[in-house]
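A short worksheet on the structure shown next.
The values are calculated or read from the model by the stated rules, or taken from the named source; none is laboratory data. Nothing here was measured: the structure is a model prediction, and the numbers come from that model. When we count neighbours, we look across all protein chains shown, and the Cβ atoms used for this are built from the backbone with ideal geometry, even at glycine.
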Amino acid sequence: MSQMHQVQVRVSRTHGGRISLRDRATAESSMSDHAPRITAFLRASITRSRETERVGPFLASFSGDTGNPFLSYAIPDDDAEPTLADVAALNSAYLRHERVPRIEYVPALAPVVEGVLLDAGWQPENRLPLMVLAAGTSLDGDVPPGIQLVTPATDAEFVATAAAQNEAYGGPPEGPEAGTALRRTTERGGRVVLAQVADTAEPIGGGVFVAPHDGVTEIAAIGVRERFRRRGVATAMVRRLAQEAREAGATTVFLMAESPVEERIYARIGFETIGEMLHISDPAGHRYGTGASDVD
């Protein structure tokens, strides 16, 4: 990967507060190995699941099922050097679809992009730790007492999973069509997990991994309803999904942590932070939706 000197990575530090040269080298090596494949996976994933449009050096995607802004975003080409005219065209494309103009990408792979977006008035939403499951990590672990993890199979189970995720993310109640996208995830080769109260089958959380592409997959949409958090439910779901992803042929399993707490939780499972994912958007388009997330 070019311009690796510009990679911004989170790495462990020595007791004196300086970054260990060995740890820096390890993190940069992991970024160089994984980031291009992760980005190729994301491009393939949005191409097979959403409407897409090529806009200059960007691959723009648009979700037709929902106005949730986090389901529609663009990815720049590696080493992209967009112009302000390219950004204006991207804005126009999203506004035509009544979606927030957004980009999600690994800034180390296209270091010029952020500066151009800032010049165009865009604002960063978040910089999320990009984490990859370390090779050879044991995924053994107990499910919390009184909780069971199931693979949804019926329409009712897919709807229950979506409803639990949506509540965890602070969204409004979902309708009967809510499970459609989750069912499509499984039909395309991904997996969905539903966490339930064992005695009553009450849905309390859910998560997914997307169909692997070239050995890469993402664990995403991990959500647990508020009154069931801090019991290890999300940890159990991530372990289950990571194990099933391996069984499905994934050799690189990644996720993004929404907070330092999540980063610590995922690190205990065996995920390592290799860099960051930048979410950035045009504030003028935020009238088209909001969103939130959570994990325990």
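With respect to Ser2, determine if the residue is at pLDDT below 60 and polar (S, T, N, Q). When the stated conditions are applied, Ser2 passes them.
When you scan region 76-87, do you find a residue that is closer than 24 Å to Gly170 by Cα and not assigned by TED's automatic domain parsing to the domain that holds Val216, even just one?
Looking only at region 76-87, we keep the residues that are closer than 24 Å to Gly170 by Cα, and these are none.
No, region 76-87 has no match at all.
Residues of region 83-104 that are in contact with a Gly (Cβ under 6 Å, 6 or more places away or on another chain), outside any helix (DSSP H, G or I) and of a type outside the set (Val, Ile, Thr): Pro101 alone.
For beta carbons closer than 7 Å, sequence separation of 6+ or different chains, a first residue in region 123-151 that is of a type in the set (Asp, Glu) and a second that is in a strand (DSSP E or B) and surrounded by 13 or more Cβ atoms within 10 Å (Cβ to Cβ), the qualifying pairs are Glu125/His279; Glu125/Ile280; Glu125/Ser281. When Pro152, Pro145 are screened for being in contact with a helix residue (DSSP H, G or I) (Cβ under 6 Å, 6 or more places away or on another chain), modelled with pLDDT of 95 or more, part of a loop (DSSP other than H, G, I, E, B) and over 25 Å from Phe58 (Cα atoms), only Pro152 passes.
Out of the residues in region 105-142 that are β-branched (Val, Ile, Thr), assigned to a loop (DSSP other than H, G, I, E, B) and assigned by TED's automatic domain parsing to the domain that holds Leu42, which is nearest to Asp199 (Cα to Cα)?
Checked region 105-142; the qualifying residue nearest to Asp199 (Cα to Cα) is Val106.
For the structure I just gave you, tell me whether Thr180 is among the polar types (S, T, N, Q) and either in contact (Cβ under 8 Å) with a residue 40 or more places away in the chain or closer than 22 Å to Glu263 by Cα (or both).
So Thr180 fits the description; yes.
When Arg268, Arg230, Arg239, Arg225 are checked against the criterion of being surrounded by fewer than 19 Cβ atoms within 10 Å (Cβ to Cβ), farther than 30 Å from Gly115 by Cα, of a type in the set (D, E, K, R) and touching a residue at least 40 places away in the same chain (Cβ under 8 Å), Arg230 stands alone in meeting it.
Within region 156-175, the set of residues being outside any loop (DSSP other than H, G, I, E, B), surrounded by fewer than 18 Cβ atoms within 10 Å (Cβ to Cβ) and either at positive phi or in contact with a helix residue (DSSP H, G or I) (Cβ under 6 Å, 6 or more places away or on another chain) (or both) is empty. Suppose the filter is in the same structural domain as Arg231 (by TED's automatic domain parsing) and exposed (fewer than 13 other Cβ atoms within 10 Å of the Cβ); does Arg188 pass it? Yes.
Quick check, is Arg50 at pLDDT below 95, of a type in the set (D, E, K, R) and touching a Ser or Thr at 6+ places or on another chain (Cβ under 6 Å)?
yes
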